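The block underneath contains the structure these notes are about, expressed in structure tokens.
The values are calculated or read from the model by the stated rules, or taken from the named source; none is laboratory data. The structure presented is a predicted model; accordingly, all values stated were derived computationally and were not measured. Note: ideal-geometry Cβ built from the backbone for every residue, glycine included; neighbour counts use all protein chains shown. Just so you know, the surface numbers come from the protein's heavy atoms only, side chains and all, with ligands and any DNA or RNA stripped out. Shrake-Rupley method; radii C 1.70, N 1.55, O 1.52, S 1.80 Å.
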Amino acid sequence: MNQETKQQLINIFNAGIKAVEGYQATQHALSEDPDFQASQIIALGKAASGMCAGALASMSNPCPALIVTKYEHTERALYNLPDVTIIESAHPIPDQNSLRAGAAMLETVSQLQSNSHLLVLISGGASSLSELLPADISLSQWQKNTSKMIASDSNIAEINTQRKKFSLLKDGKLLAPFKGKRVKVLAISDVEGDDIAVIGSGTGDIKRVRSRAQLDIIATNAIARQACQKMAQNIGFRIQMNIENLYQDVSQVANDIAQAIITGKPGVYIFGGEPTINLPANPGSGGRNQSLALELAQRIRNLDNLNVLVAGTDGTDGPTDAAGGIIDGYTAQNTLRAQAALDAANAGGFLRDIGEIFITGPTNTNVMDLVIVLKT
């Protein structure tokens, strides 16, 4: 893949990210409700740092804030603010800090006074980053259960349904003790259907709130894909497809995409969603996006007119530093090695070795995954 084509794919992807970035989306949402003045912010998820910064920037009188996010996902400037408490914890498997964060969040909500206004900012990763477990379930037990669910081919809705059964935070339980005047929840959706009952396993669900409550979904995969489409059109490409359909196993998703792009006309194809993957007992390096990229590479082998970017919008694909991969018809020339990498769930190692890994760093958003195809 030549550098110009690669940069075009990255520019299209970045346009999608910019449209759903936490700072901008939160600031815009609050600007449309100037009468709401928060007395406490709770920001939870991979985009919590950016969302909280956007909220604080929009307020004439900044208030205390509790940020719970993934390790190394906090903007450094937030550490210098005296009324901001930051707890970083683990994703996708919860750790001791996840329990610490969950306890701090529930205590914060419970102690708010009757005249308070609570702003809750939720984004993807919330289910792992904060937790509060019943006394008969240990952290190690929950870590094993979580690992088992993630390694299966269960989708996020199925996994979060199980999480809600045991959690003392999820399924709207976090906000149940709120005694104040008003709760406003702003959410960035990382789930199919953009359902707050599924986002973060319902940590921001307002169904148990007895006072005035409002929910707004401020960023979605559809918004990101539309921005990608606009950028591609501005560059001069014709859009052949823009759909949200990545909801099967990575192998089936690769088959469906390959069929569409191989038989389709030249132009840009944009796909969104979150496929599933079934991991072996001892997986190698990678995640669903890196696996999907390599699966696609196998199916377009020797085709010199197809270039593909596959990435998670949060910048993190599985327990790696990569968002995904950028591949073409020459990626999987060594078919035996490529298949061996897929069998071992080591697509990331394969792509890294040949220089086709895609690394963005934290993006301050999370609206599932994007696949962007340029066919010439």
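A few points about this structure:
- Hits in segment 308-320 - residues which are touching a helix residue (DSSP H, G or I) at 6+ places or on another chain (Cβ under 9 Å) and either assigned to a loop (DSSP other than H, G, I, E, B) or open to solvent by 20 Å² or more (accessible area, probe 1.4 Å) (or both): 313, 315, 317, 318, 320
- Of all the residues in segment 31-58, those that are open to solvent by 20 Å² or more (accessible area, probe 1.4 Å) and assigned to a helix (DSSP H, G or I) number 4.
Yes/no matrix, rows are residues, columns are (1) open to solvent by 10 Å² or more (accessible area, probe 1.4 Å); (2) hydroxyl-bearing (Ser, Thr, Tyr):
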{"residue": "152", "(1), (2)": "yes, yes"}
{"residue": "160", "(1), (2)": "no, no"}
{"residue": "167", "(1), (2)": "no, yes"}
{"residue": "208", "(1), (2)": "yes, no"}
{"residue": "211", "(1), (2)": "yes, yes"}
{"residue": "225", "(1), (2)": "yes, no"}
{"residue": "237", "(1), (2)": "yes, no"}
{"residue": "244", "(1), (2)": "yes, no"}
{"residue": "247", "(1), (2)": "yes, yes"}
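- Every condition in (1) open to solvent by less than 60 Å² (accessible area, probe 1.4 Å); (2) out of contact with any Phe, Trp or Tyr (no Cβ under 7 Å at 6 or more places or on another chain); (3) at pLDDT 95 or above; (4) β-branched (Val, Ile, Thr) holds for residue 257 except the one numbered (2).
- Qualifying residue in segment 90-111 (condition: assigned to a loop (DSSP other than H, G, I, E, B) and either free of Cβ contacts under 8 Å to residues at least 40 places away in the same chain or touching an Asp or Glu at 6+ places or on another chain (Cβ under 8 Å) (or both)): yes
- One residue stands out in segment 359-376 among those that are part of a loop (DSSP other than H, G, I, E, B) and β-branched (Val, Ile, Thr): the one that is farthest from residue 27 (Cα to Cα), namely 376.
- Enumeration of residues in segment 287-303 that are over 26 Å from the mean Cα position of the chain (by Cα) and either closer than 14 Å to residue 263 by Cα or crowded, with 24+ Cβ neighbours inside 10 Å (or both): 299, 300, 303
- Looking across segment 113-145, the residues that are farther than 25 Å from residue 63 by Cβ and surrounded by fewer than 18 Cβ atoms within 10 Å (Cβ to Cβ) come down to 134, 135, 136, 137, 138, 139, 140, 141, 143, 144, 145.
- Residues of segment 69-91 that turn out to be charged (D, E, K, R), within 23 Å of the chain's Cα centre (by Cα) and at negative phi, as a count: 4
- Only one of the listed residues (322, 311) is within 19 Å of residue 19 (Cα to Cα), under 19 Å from the mean Cα position of the chain (by Cα) and at pLDDT 95 or above. That residue is 311.
- Test: residue in segment 321-334 that is over 12 Å from residue 293 (Cα atoms), open to solvent by 10 Å² or more (accessible area, probe 1.4 Å) and either in contact with a Gly (Cβ under 7 Å, 6 or more places away or on another chain) or not in a loop (DSSP other than H, G, I, E, B) (or both): no
- The selection criterion, being more than 23 Å from residue 113 (Cα to Cα), acidic (Asp, Glu), touching a helix residue (DSSP H, G or I) at 6+ places or on another chain (Cβ under 6 Å) and open to solvent by 10 Å² or more (accessible area, probe 1.4 Å), does not hold for residue 4.
- Only one of the listed residues (57, 43) is within 24 Å of the chain's Cα centre (by Cα), among the hydrophobic types (A, V, I, L, M, F, W, C) and at pLDDT 95 or above. That residue is 43.
- For segment 335-376, the set of residues classified as under 17 Å from residue 253 (Cα atoms), out of contact with any Asp or Glu (no Cβ under 7 Å at 6 or more places or on another chain) and either free of Cβ contacts under 8 Å to residues at least 40 places away in the same chain or crowded, with 19+ Cβ neighbours inside 10 Å (or both) consists of 345, 347, 370, 371, 372, 373, listed by residue number.
Residue by residue, here is whether (1) assigned to a strand (DSSP E or B); (2) more than 25 Å from residue 277 (Cα to Cα); (3) modelled with pLDDT of 95 or more holds:
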| site | (1), (2), (3) |
| --- | --- |
| 124 | no, no, no |
| 142 | no, no, no |
| 210 | no, yes, no |
| 215 | yes, yes, yes |
